[in-house]
Amino acid sequence: MVASLIIIGVVVIFWIMMKRDKDAPGNPPLDQSWQKQTKRPSPPAPSARPAPYNAGHVTSRKLRGRAWVIDGDTIAIDRSKIRLAGIDAPELDEPWGQKSKWAMVRLCKGQIITAHLTGETSYDRVVGTCYLDDGRDLAAELIKAGLALDFAHFSGGKYRHLETTDLRRKLSAVRRKMQATKVLD
């Protein structure tokens, strides 16, 4: 009985060693050209998700629906991320970033938002001007609340008159301070 267990153990060890040697990285693969070639799997069927926005083919597009707020200057409507055109809101990890997001949540809550897309993209987001049902511009409302700045390079100064006098100084100083601490880290 003991002898048969020893023989079985030796056979198993021998089989494991042979398998390991066959799969070793230095050994050439076995010629398997005689085996039937299998077809590659076909790509998955398209999902129910709408086609992504392609700025190259569409110059203007309108989206309408309930918004999901991502941060102070980004919302999503029908799974399309939209960056509000012409403004710069603090990021979530910056001072006033959370306030900016929650101000946007309060503005959008229970509302139908209409986004007029420009055809431009920014970091995998389409750019657009977004309006509430009563006609108010979301970007203008956020600037009036003191939680975003006019991004004159992109807006042409459209919202500059809505900024308070010390808003730009306050938010710019915070941003410079944060960049300085990131450099030191």
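Quick notes on this one:
- Test: residue in segment 113-124 that is part of a loop (DSSP other than H, G, I, E, B), buried (at least 18 other Cβ atoms within 10 Å of the Cβ) and on the phi > 0 side of the Ramachandran plot: no
- Residues satisfying the stated conditions in segment 79-100, i.e. within 19 Å of the chain's Cα centre (by Cα), farther than 16 Å from Tyr131 by Cβ and part of a loop (DSSP other than H, G, I, E, B): Arg79, Ala89, Pro90, Glu91, Leu92, Asp93, Glu94
- Qualifying residue in segment 22-31 (condition: out of contact with any Asp or Glu (no Cβ under 8 Å at 6 or more places or on another chain), surrounded by 10 or more Cβ atoms within 10 Å (Cβ to Cβ) and at pLDDT below 55): yes
- Identity of the residue in segment 81-121, touching a Lys or Arg at 6+ places or on another chain (Cβ under 6 Å) and basic (Lys, Arg), that ends up farthest from Asp150 (Cα to Cα): Lys81
- Residue match in segment 101-111 (condition: assigned to a strand (DSSP E or B) and surrounded by 16 or more Cβ atoms within 10 Å (Cβ to Cβ)): no
- Taking segment 133-155 as the range and being part of a loop (DSSP other than H, G, I, E, B) and under 24 Å from the mean Cα position of the chain (by Cα) as the test, the residues that pass are Leu147, Ala148, Phe151.
- Close pairs from segment 74-88: first on the phi > 0 side of the Ramachandran plot, partner at pLDDT below 90 and part of a strand (DSSP E or B), Cβ under 7 Å, at least 6 apart: Gly86/Asp150
- Any hit, segment 108-115, residues being at pLDDT below 90 and either acidic (Asp, Glu) or farther than 24 Å from His161 by Cα (or both): no
The values are calculated or read from the model by the stated rules, or taken from the named source; none is laboratory data. From a predicted model like this one, the values you see are computed outputs, not experimental measurements. When we count neighbours, we look across all protein chains shown, and the Cβ atoms used for this are built from the backbone with ideal geometry, even at glycine.
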